[in-house]
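Before anything else, here's the structure in question.
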Amino acid sequence: MKMTTKIIAEVAIVGAAYAALTAVLAPISYGPIQFRISEVLCILPFFAPFTSWGLFLGCIIANLASPSGVLDVIFGPLATLGACLCIAALGQRGEGAKSWLRILLACLMPAIWNGVIIGLVLMWTLTETHFPQFSGVFWVFGGEVALGELAVLLILGIPAIEALQRTPWAKQEVV
């Protein structure tokens, strides 16, 4: 992929949008029970893989305000990047690339990645339970984060993917 000015600008816009949405909706964006509406932007790599980097950078900026501190600034963006790279792989062009199964799997990726990684971060930062004493606390925190992600991505993400599929932006070839 050739890094053009247009791609760099799109990465910056996506990152800024993610950080701004998270900040504006901060009361529901952080903590064990979170509905981070900005996560709907994680569907963008389904069409344009390079947007993964904008989401990664936007998550770093957004997590600077996280009550979970430096661990969330480090591991939250890594979870987002992992999910977005998986979403990008699921959205690769080709026969049947935009099937319902791929769309559903793409919407599950943030729930899986964030459920596990942010579940661990929250367990570490909010309780006295640390490794190797894995307890039900991880499953509760991870489950809450995953459910919030699923709510956002299934309610907003699937319709957004459906709408974006009909746009020229989603149909552009990235070289």
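The values are calculated or read from the model by the stated rules, or taken from the named source; none is laboratory data. Predicted model, so just to flag it, every value in this text is computed and none were measured. Every residue, glycine among them, receives a Cβ derived from its backbone with ideal geometry; neighbour counts consider all protein chains shown. Please note that ligands, DNA and RNA were not included when accessible areas were found on the heavy atoms of the full protein model with its side chains. Shrake-Rupley method; radii C 1.70, N 1.55, O 1.52, S 1.80 Å.
Please note which helices (runs of 4 or more DSSP H) are completely contained in region 122-175 and include at least 2 residues that are closer than 18 Å to Arg36 by Cβ, within 18 Å of the chain's Cα centre (by Cα) and at pLDDT 85 or above.
On the way: elements: 136-152, 158-164, 168-171.
Per the criteria, 136-152, 158-164.
In addition: Among the numbered criteria (1) open to solvent by less than 60 Å² (accessible area, probe 1.4 Å); (2) on the phi < 0 side of the Ramachandran plot, which one does Ile28 miss?
Unmet for Ile28, out of (1) open to solvent by less than 60 Å² (accessible area, probe 1.4 Å); (2) on the phi < 0 side of the Ramachandran plot: (1).
Shifting gears a bit: So, in region 31-52, how many residues would count as being hydrophobic (A, V, I, L, M, F, W, C) and open to solvent by 20 Å² or more (accessible area, probe 1.4 Å)?
Just the residues of region 31-52 that are hydrophobic (A, V, I, L, M, F, W, C), to begin with: 33, 35, 37, 40-44, 46-48, 50.
From what's left, open to solvent by 20 Å² or more (accessible area, probe 1.4 Å): 33, 35, 37, 40-41, 44.
The number of residues fulfilling the criteria is 6.
For residues in region 1-16 being open to solvent by 40 Å² or more (accessible area, probe 1.4 Å) and in contact with a helix residue (DSSP H, G or I) (Cβ under 8 Å, 6 or more places away or on another chain), which is farthest from Gln172 (Cα to Cα)? Walk me through it before giving the result.
We begin by selecting, within region 1-16, every residue open to solvent by 40 Å² or more (accessible area, probe 1.4 Å); these are 1-6, 8-9, 12-13, 16.
Adding the requirement that they be in contact with a helix residue (DSSP H, G or I) (Cβ under 8 Å, 6 or more places away or on another chain) leaves 1, 12-13, 16.
Numbers: Met1: 13, Ala12: 18, Ile13: 17, Ala16: 22 Å.
Restricting to residues being open to solvent by 40 Å² or more (accessible area, probe 1.4 Å) and in contact with a helix residue (DSSP H, G or I) (Cβ under 8 Å, 6 or more places away or on another chain), the top hit is Ala16.
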